[in-house]
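Undergrad: Sharing a structure here in structure tokens format.
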Amino acid sequence: MARYDYDLFTIGAGSGGVRASRVSAGLGARVAIAEERYLGGTCVNVGCIPKKLLVYASHYTEDFEDARAYGWTVGKSSFDWATLIRNKDREIARLNEVYRKLLDQSGVKQIEGRARIVDQNTVAIGDRTFSAKNILIATGSWPSVPEIPGIEHAITSNEAFHLKQLPRRVIVVGGGYIAVEFASIFHGLGAETTELYRGPLFLRGFDHDVRQVLAEEMRKKEIDLRFDLNIESIEQADDHLLATLSDGSKLEADQIMYATGRLPATSDLGLEEAGVELNQKGAVVVDEFSRSTVANIWAIGDVTDRINLTPVAIHEGMALAETLFHDRPTKPDHENVASAVFSQPQIGAVGLNETKARERYTELEIFRTRFRPLKHTLTGQDETTMMKLIVDRASGRVVGAHMVGPEAGEIIQGIAIAIKCRATKAEFDATIGLHPTSAEEFVTMRESVVN
């Protein structure tokens, strides 16, 4: 008789937890997974997937306008928020079922309910307990909002996906990618949109040129960006909200959405009682193999606050399965992870930004271009695309690639392969471009702007 009920008990059925569980079961482990909300976690339900669907929806305003320049007669268009949300919900429900079937087919036992660690080998869900040789924490993160007067009148991205109607005036508070994306979404769908950020320029951590160019492009679209500004309090005033700002001014809105960060979802899991160390943000402290300070308790994804991206959580889950059940200790590789911001226009980035590159390398060469895409030579739109390569002069390696422009995410994914393979600028130069595309600029930039 087995000493434990399961070889692996996963708490949290998001992308990382599901992948770790499925792969582990495929390697012969007895696996159970517990989830208290919805299969697929944040990404599938209130994150990447529904957000991208809303991004698609928000771009049609410009597409209809651009079509006229290409000879299309476009009649009067209108937008119905309820239809978009209903169709989005149908797709999310389909994906929930896909996740359920994948777990079933993998032989993973699914348990609904909130799991709590009793000790290093025991998990409790309600009045039931389960023993496990290994426990995996994959509970993700949760939106964090400041404690200000009237904060109960605001929403987060979680609620934004389920609004009954599109607000006419929206304030988005925050300077990260979620705030930037939702400012673009609301604006594109027709809302009068203001984005507030307490710092001098949003998207901290991205390359400065990228941040500056995106701010310029968003302002061209008449999104009201206000930096070095925050909300001090929110009041309900008749049929609208009234925000008092840090400069003393007031701003009316029908909806105020906070995207001011996310915190690891570790509250009331019994982690500290079991001896698992958490850092100041509440993230599980792990080693390079995703092991916590308790030998048989592991953690992956946003709950560890390393690189909080869905593909990274999936990668960490696969590495953990290899470590535990394939006799192949595997460290997750967090170097040169590509990222995208689905703003309008988009951002794509991989490798080091210029500031970080200058800290690491003695001398750099910077290649940068900014141009109006071919499409807009007919539309008359003044949106521009910016591309940038950062090169270590000593080795010739491209150590960073950055883009602001249409389909930046799609383009940077290909560039990421080259950078992961340690490609040099000479190899970029030797690559013949696809013409006419914006992407070809990455292999045709010849003159450095900073030597």
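So that you can scan it fast, the table gives a plain yes or no per residue for (1) within 23 Å of Y177 (Cβ to Cβ); (2) of a type in the set (K, R); (3) at pLDDT 95 or above:
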position	(1), (2), (3)
D239	no, no, no
T244	no, no, yes
I256	yes, no, yes
Q280	yes, no, yes
I300	yes, no, yes
V303	yes, no, yes
N308	yes, no, yes
L320	no, no, yes
V341	yes, no, yes
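Undergrad: Can you spot a residue in segment 190-203 that is surrounded by fewer than 22 Cβ atoms within 10 Å (Cβ to Cβ), aromatic (F, W, Y) and at pLDDT 95 or above?
TA: No, segment 190-203 contains no residue that is surrounded by fewer than 22 Cβ atoms within 10 Å (Cβ to Cβ), aromatic (F, W, Y) and at pLDDT 95 or above.
Undergrad: Which one of these is free of Cβ contacts under 8 Å to residues at least 60 places away in the same chain and part of a helix (DSSP H, G or I): E181, E152, E147?
TA: Matching residue, one of E181, E152, E147: E152.
Undergrad: Residue check, R204 against (1) closer than 18 Å to A259 by Cβ; (2) in contact with a strand residue (DSSP E or B) (Cβ under 9 Å, 6 or more places away or on another chain), all met but one. Which one?
TA: It fails just one condition, (2).
Undergrad: Within segment 20-28, is there a residue that is in the same structural domain as D305 (by TED's automatic domain parsing), small (G, A, S), modelled with pLDDT under 95 and more than 25 Å from A160 (Cβ to Cβ)?
TA: no
Undergrad: Of everything in segment 306-345 that's in contact (Cβ under 8 Å) with a residue 12 or more places away in the chain and of a type in the set (K, R), which residue is surrounded by the fewest Cβ atoms within 10 Å (Cβ to Cβ)?
TA: Per the stated criteria, the residue is K331.
Undergrad: Sort out for me the strands (runs of 3 or more DSSP E) sitting completely within segment 31-138 that have 2 or more residues that are at pLDDT 95 or above and among the hydroxyl-bearing types (S, T, Y).
TA: 128-137
Undergrad: Find the helices (runs of 4 or more DSSP H) located wholly in segment 344-451 whose residues include 2 or more that are modelled with pLDDT of 95 or more, closer than 25 Å to M218 by Cα and not β-branched (V, I, T), and list them.
TA: 376-379, 408-420
Undergrad: Out of the residues in segment 218-259 that are among the polar types (S, T, N, Q) and assigned to a strand (DSSP E or B), state the one that is farthest from R198 (Cα to Cα).
TA: Q236
Undergrad: If you don't mind, there's one more thing I want to ask. Examine segment 76-85 for a residue that is crowded, with 16+ Cβ neighbours inside 10 Å and β-branched (V, I, T), and state whether such a residue exists.
TA: yes
Undergrad: Regarding segment 169-182, can at least one residue be identified that is surrounded by fewer than 17 Cβ atoms within 10 Å (Cβ to Cβ) and charged (D, E, K, R)?
TA: No, segment 169-182 has no match at all.
Undergrad: For segment 264-301, what are the residues that are touching a helix residue (DSSP H, G or I) at 6+ places or on another chain (Cβ under 7 Å) and on the phi < 0 side of the Ramachandran plot?
TA: P264, A265, T266, A283, V284, V286, F289, W298, I300
Undergrad: For segment 307-343, enumerate the residues that are assigned to a helix (DSSP H, G or I) and among the acidic types (D, E).
TA: Across segment 307-343, the qualifying residues are E316, E322.
Undergrad: Under the condition of being of a type in the set (G, A, S) and farther than 13 Å from V443 by Cα, which residue from segment 391-427 is surrounded by the most Cβ atoms within 10 Å (Cβ to Cβ)?
TA: Filtering first and then ranking leaves A408.
The values are calculated or read from the model by the stated rules, or taken from the named source; none is laboratory data. Values in this document were obtained by computation on a predicted structure and should not be read as measured data. Cβ coordinates were reconstructed from backbone atoms using ideal geometry, including for glycine residues, and neighbour counts include every protein chain displayed.
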